[in-house]
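The block underneath contains the structure these notes are about, expressed in structure tokens.
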Amino acid sequence: MSRRRRHLAPVTEAVWEVLDEQAARRLRGSLAARRLVDFSGPLGYGHPGVALGRVAALPEPAEGVVARRREVRPMVELEVRCALALEELAVVDRGGADPDLGALDEAAGRIALAEDRLVFHGLPEAGIVGILPGSPHSPVELAGDAASFPKAVAKAVGQLERAGVEGPYGVALSPQLHASLLQASEHGGYPVLEHVRLVTQGPVVPAAALEGAVVLSLRGGDFELQVGEDLGLGYVAHDDQRVHLLLDELLTFSNHGPEAAVVIGGR
């Protein structure tokens, strides 16, 4: 029996295909950190955690016997639930192309935000140090004018280069800041966003989990998202009107090289 119990849901395979595609479409547009950090997995739902290579002393179990506990960063389960009207799902089986899947779309957006917050801001309760709080560099000030953003990015890149952190580099930034860059141009009409890409030689990614921005190296080995079981849909329960679904994943994040990121606009 599948852990996500999809076979128990009162929906057809055709409906599951539509639901999977809708969730994947929203997740592709919302997951920002995955476009900038290393990805490992899926490692399996039973994967307990990530070895840290460190040990903690334990009381002697017998005279002259040393005992140590190996340190592990545990995996984190993320789950969000939603309910969809069975009548709307029947639209798919009748050949319709526009069922109302707004609740699923909203749920996918929420779990994507949770994953990005875990990567960018960390989760101390799970031993996770995020990219922003982990950076040892002084944050670069962010002026209000979008046209000045390339200068801030160039300053951040300069900090990374002086620290011996090679490029190319990527930028994650708030959706509001990304929208302003899309509309802005420098003297002569050159798009600001293209200038940023020229400075970093990498992607510029909007991230709802951010209020400012962060520049980070894409050389590899610094930031790693480790996934036990990747995002997927499962069945919870149903009544005569609605089916209740969940969207979940198992993951943790390792900040191997905190020096490979510079925050713009504060943490």
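So H178 ticks every box in (1) surrounded by fewer than 19 Cβ atoms within 10 Å (Cβ to Cβ); (2) modelled with pLDDT under 95 but one. Which box is left unticked?
The one condition H178 does not meet is (1).
Report yes if T252 is over 15 Å from the mean Cα position of the chain (by Cα), crowded, with 17+ Cβ neighbours inside 10 Å and in contact (Cβ under 8 Å) with a residue 24 or more places away in the chain, otherwise no. Steps first, answer last, please.
Numbers: over 15 Å from the mean Cα position of the chain (by Cα): no; crowded, with 17+ Cβ neighbours inside 10 Å: yes; in contact (Cβ under 8 Å) with a residue 24 or more places away in the chain: yes.
Considered against the rule, which asks whether it is over 15 Å from the mean Cα position of the chain (by Cα), crowded, with 17+ Cβ neighbours inside 10 Å and in contact (Cβ under 8 Å) with a residue 24 or more places away in the chain, T252 comes out as no.
Return the residues of the range 105-114 that are surrounded by 21 or more Cβ atoms within 10 Å (Cβ to Cβ) and in contact with a helix residue (DSSP H, G or I) (Cβ under 6 Å, 6 or more places away or on another chain); say none if nothing qualifies.
Filtering the range 105-114 for residues surrounded by 21 or more Cβ atoms within 10 Å (Cβ to Cβ) gives 107-108, 111-112.
Matches in the range 105-114: A108, A112.
Output the residue which, of all residues in the range 147-187 that are assigned to a strand (DSSP E or B) and within 26 Å of the chain's Cα centre (by Cα), is nearest to A33 (Cα to Cα).
Step one: of the range 147-187, the residues assigned to a strand (DSSP E or B) are 169-173, 185.
Okay, now just the ones that are also within 26 Å of the chain's Cα centre (by Cα), so 169-173.
Numbers: Y169: 13, G170: 10, V171: 10, A172: 8, L173: 11 Å.
It comes out as A172.
Looking at R68, R81, which is the one that is without any contact (Cβ under 8 Å) to a residue 40 or more places away in the chain and basic (K, R)? Show your work before the answer.
On the way: R81 fails: without any contact (Cβ under 8 Å) to a residue 40 or more places away in the chain.
The unique qualifying residue is R68.
Is it the case, given these coordinates, that S185 is of a type in the set (S, T, N, Q) and either farther than 26 Å from S254 by Cβ or out of contact with any strand residue (DSSP E or B) (no Cβ under 7 Å at 6 or more places or on another chain) (or both)?
Values: of a type in the set (S, T, N, Q): yes; either farther than 26 Å from S254 by Cβ or out of contact with any strand residue (DSSP E or B) (no Cβ under 7 Å at 6 or more places or on another chain) (or both): yes.
So S185 passes the test.
So, in the range 85-115, exactly how many residues are farther than 22 Å from D230 by Cα, of a type outside the set (D, E) and in contact (Cβ under 8 Å) with a residue 12 or more places away in the chain?
5
Can you tell me which residues in the range 115-139 are of a type outside the set (F, W, Y), in a helix (DSSP H, G or I) and crowded, with 16+ Cβ neighbours inside 10 Å? Give the steps one after another, and end with the answer.
At the first step, the residues of the range 115-139 found to be of a type outside the set (F, W, Y) are 115-119, 121-139.
Next, from what is left, pick out any that are in a helix (DSSP H, G or I): 115-119, 121, 124-126, 131-134.
Hits for the range 115-139 are E115, D116, R117, L118, V119, H121, I131, L132, G134.
The values are calculated or read from the model by the stated rules, or taken from the named source; none is laboratory data. As the structure is a computational prediction, the values presented were derived from the model and not from experiment. Quick reminder, even Gly has a Cβ in these numbers, built from the backbone with ideal geometry, and neighbours come from all protein chains shown.
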